[in-house]
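Student: Pasting a structure below so you can have a look.
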Amino acid sequence: MYQFNEEEQMILSMVDDICTDIIMPRAQEIDIQDEFPWDIHQVLAEQGIFSLCFAEEYGGAGVGLHCWLKMMEKIAAVSCAVSMMIANVSLGSAPVVLFGNEEQKQKVLPELASGEAQIAFGLTEPNAGSDIGGITTTAVKKGDKYVINGNKVFITSGSVSKYFSIFAKVIGEDGSRKLSCFLAEKDMPGLVIGRNEEKMGLHGSVTTQLFFENLEVPESAIIGQIGDGYKIVFQSLNKGRLNNGAQATGLVQAALKDATIYAKGRVQFGNPISEFQAIQFMIADMEIGLQTCHLMLDNAATLFEQKSPDLMKYASATKVVCSDMANKATADAVQIFGGYGYCKEYPVERYFRDSKIFPIFEGSNQIQRGIIAKAVYKEYNE
C-alpha cells in the first residue's frame with residue numbers, strides 16, 4: 001500500500017487534531033441544528049484544509065490523492081456533514097480543474113483553496129439522476145451570451161456556494177442538444193436558490209434546489225467546449241466516487257471503534273457481550289470490511305494518479321464496496337448497542353442515518369454495477 005511521506009504524515013496529524021479538538025465536540029450539535037456549520041468552515045479554511053485539493057499555482061498545497069482520501073476518511077469518521085463540505089469543493093471544482101481554461105482557474109480556484117468560497121456541482125434534476133441523458137435544463141445562444149432555463153435538485157451546498165458548475169443542453173440552430181458545462185455565480189440575475197431539503201441524514205450539509213430563469217452567462221463561462229458535458233461529468237465523478245468511498249470508509253471505522261468499545265463494557269448474562277460469538281462475528285465482519293475498503297481505495301487512488309484507462313471500473317467498484325460496507329457496519333453497530341443504538345445519546349444512530357446516502361448519490365450502486373458489468377463485457381468480448 002501507499003506509504004505517506006513526512007509532509008503527508010504531518011498533514012494527517014493536523015487533521016487528527018482538528019477532528020478531536022474542533023469537529024468531534026460539535027458533531028452532535030451540527031446534526032441536531034441541521035445548519036451549515038460556518039464556524040467549522042472557518043477553522044478548516046484557516047488550517048488550509050481546502051487548499052489540499054488544489055495545485056500550488058492556484059494557492060493550493062498540491063497533495064496527492066492518497067493523502068486527500070485519508071483526510072476525507074478521518075473527517076467523515078467524526079462528522080459526515082463536515083466531510084461533505086470538503087468533498088463538495090473537490091467535486092464542484094472538478095470541471096474547472098480538469099477542463100477549465102486558465103482564466104477560469106485563476107478566477108475560481110484561489111478563492112476555493114483559501115476557503116473564501118464554496119462551489120456546487122449542478123447536475124441532478126427531478127427526472128435526471130442516474131440518467132444524465134434526461135437532463136432538460138437548456139442553454140440557448142443569444143448574441144455573445146447563453147440563456148439558461150431549467151432547474152436542479154439535490155445540489156450539495158447549493159445555498160451556500162458562490163460558484164456553480166451547471167450542466168445544460170445547448171440547443172443548436174439545427175435542433176441539436178449538446179450537453180455542456182457552464183460556470184455561473186450566485187449573484188447572477190436569473191439564478192434562483194430554492195429550498196434546502198429536510199433529509200434523513202447528513203444534517204448540517206445543505207442540499208438545495210436551484211432554478212434558472214433566463215440566466216444569462218457569457219461565452220467565457222463555457223467550461224471546455226460545447227458538447228463536452230458527458231466527458232466532464234464522467235471524469236469529475238471518477239474522483240467524486242473515490243471521495244464517496246473514503247467518507248463511507250470513515251463511517252465503517254467509526255462504527256467499528258464505537259461498537260467494539262461498547263461491547264467490551266456492556267455486561268449481559270454475567271459476561272461482556274464482546275465474549276459472545278454473535279457479537280464477535282459482527283465485529284470481525286466490520287474489520288474485514290474496513291481492510292477491504294482500505295485496499296480498494298489505495299488501488300483506485302493509484303490508478304487515478306496513473307491516469308489508468310481502467311479507472312472508471314475500479315472507481316465504481318470501490319464506491320460500491322465502501323458504501324455497502326458503511327450501511328452494513330453502521331447497522332450492525334446499532335444492533336450491538338441494542339436499544340441505546342436507537343437513541344441519540346450515542347452517535348451510532350447518526351452514523352446509520354448518514355450512511356444511507358452513500359449507495360445513492362454520485363451514481364447509485366445499481367448504476368455502478370452496470371458500469372462494472374459493461375467494463376467486464378469489453379474485457380471478454382472475444
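The values are calculated or read from the model by the stated rules, or taken from the named source; none is laboratory data. In this text, all values refer to a predicted model and were calculated from it rather than measured experimentally. Using ideal geometry, Cβ is built from the backbone for each residue, glycine included, and neighbour counts are taken over all protein chains shown.
Student: In contact with a strand residue (DSSP E or B) (Cβ under 8 Å, 6 or more places away or on another chain), surrounded by fewer than 24 Cβ atoms within 10 Å (Cβ to Cβ) and either aromatic (Phe, Trp, Tyr) or in contact (Cβ under 8 Å) with a residue 12 or more places away in the chain (or both): is that true of Gly59 in this structure? Explain how you work it out, then say what you get.
Tutor: Numbers: in contact with a strand residue (DSSP E or B) (Cβ under 8 Å, 6 or more places away or on another chain): no; surrounded by fewer than 24 Cβ atoms within 10 Å (Cβ to Cβ): yes; either aromatic (Phe, Trp, Tyr) or in contact (Cβ under 8 Å) with a residue 12 or more places away in the chain (or both): yes.
Here the answer is no, as Gly59 does not meet what is asked.
Student: A follow-up question, please. Is there a residue being at pLDDT 95 or above and within 19 Å of the chain's Cα centre (by Cα) anywhere in segment 126-148?
Tutor: No, the conditions are met nowhere in segment 126-148.
Student: Considering each of Ala128, Ala139 in turn, give the residue that is crowded, with 16+ Cβ neighbours inside 10 Å, assigned by TED's automatic domain parsing to the domain that holds Gly204 and farther than 23 Å from Thr207 by Cβ.
Tutor: Exactly one residue qualifies, and that residue is Ala139.
Student: Is it true that some residue in segment 233-256 is out of contact with any Asp or Glu (no Cβ under 7 Å at 6 or more places or on another chain), surrounded by fewer than 14 Cβ atoms within 10 Å (Cβ to Cβ), of a type in the set (Val, Ile, Thr) and modelled with pLDDT of 95 or more?
Tutor: No: segment 233-256 contains no residue that is out of contact with any Asp or Glu (no Cβ under 7 Å at 6 or more places or on another chain), surrounded by fewer than 14 Cβ atoms within 10 Å (Cβ to Cβ), of a type in the set (Val, Ile, Thr) and modelled with pLDDT of 95 or more.
Table: residues versus (1) in the same structural domain as Glu345 (by TED's automatic domain parsing); (2) closer than 30 Å to Leu65 by Cα; (3) assigned to a loop (DSSP other than H, G, I, E, B); (4) more than 31 Å from the chain's Cα centre (by Cα).
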| position | (1), (2), (3), (4) |
| --- | --- |
| Lys239 | yes, yes, no, no |
| Ala246 | yes, yes, no, no |
| Ala254 | yes, yes, no, no |
| Ile261 | yes, no, no, no |
| Lys264 | yes, no, no, yes |
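Student: Name the residue, out of Arg353, Arg369, that is farther than 17 Å from Gly250 by Cβ, part of a helix (DSSP H, G or I) and of a type outside the set (Val, Ile, Thr).
Tutor: Arg369
Student: Next question, about the same structure. Restrict the check to segment 263-282 and report whether at least one residue is of a type in the set (A, V, I, L, M, F, W, C) and within 30 Å of Ile367 (Cα to Cα).
Tutor: Looking through segment 263-282, at least one residue is of a type in the set (A, V, I, L, M, F, W, C) and within 30 Å of Ile367 (Cα to Cα).
Student: Is one or more of the residues making up segment 176-195 loosely packed, with under 15 Cβ neighbours inside 10 Å and under 19 Å from Asn88 (Cα atoms)?
Tutor: There is at least one residue in segment 176-195 that is loosely packed, with under 15 Cβ neighbours inside 10 Å and under 19 Å from Asn88 (Cα atoms).
Student: Consider Ala333 against the criteria (1) of a type outside the set (Ser, Thr, Tyr); (2) surrounded by fewer than 20 Cβ atoms within 10 Å (Cβ to Cβ); (3) assigned to a helix (DSSP H, G or I): it satisfies all of them except one. Which criterion is unmet?
Tutor: Result: Ala333 fails condition (2) only.
Student: Can you say whether Asp298 is out of contact with any Gly (no Cβ under 9 Å at 6 or more places or on another chain), closer than 26 Å to Ser205 by Cα and surrounded by 13 or more Cβ atoms within 10 Å (Cβ to Cβ), as far as the supplied structure shows?
Tutor: No, not satisfied.
Student: Residue by residue through segment 284-313, note down the ones that are free of Cβ contacts under 8 Å to residues at least 40 places away in the same chain and closer than 19 Å to Val252 by Cβ.
Tutor: Narrowing segment 284-313 to residues free of Cβ contacts under 8 Å to residues at least 40 places away in the same chain: 284, 287-288, 291-292, 299, 303, 306-309.
Hits for segment 284-313 are Ala284, Glu287, Ile288, Gln291, Thr292, Asn299.
Student: Can you give me the ranges of the helices (runs of 4 or more DSSP H) entirely in segment 1-101 with at least 1 residues that are acidic (Asp, Glu) and more than 23 Å from Thr330 (Cβ to Cβ)?
Tutor: Filter on segment 1-101 gives 6-18, 38-46.
Student: Next up: Out of (1) within 19 Å of the chain's Cα centre (by Cα); (2) under 25 Å from Thr207 (Cβ atoms); (3) charged (D, E, K, R), what's the single condition that is false for Glu349?
Tutor: Result: Glu349 fails condition (1) only.
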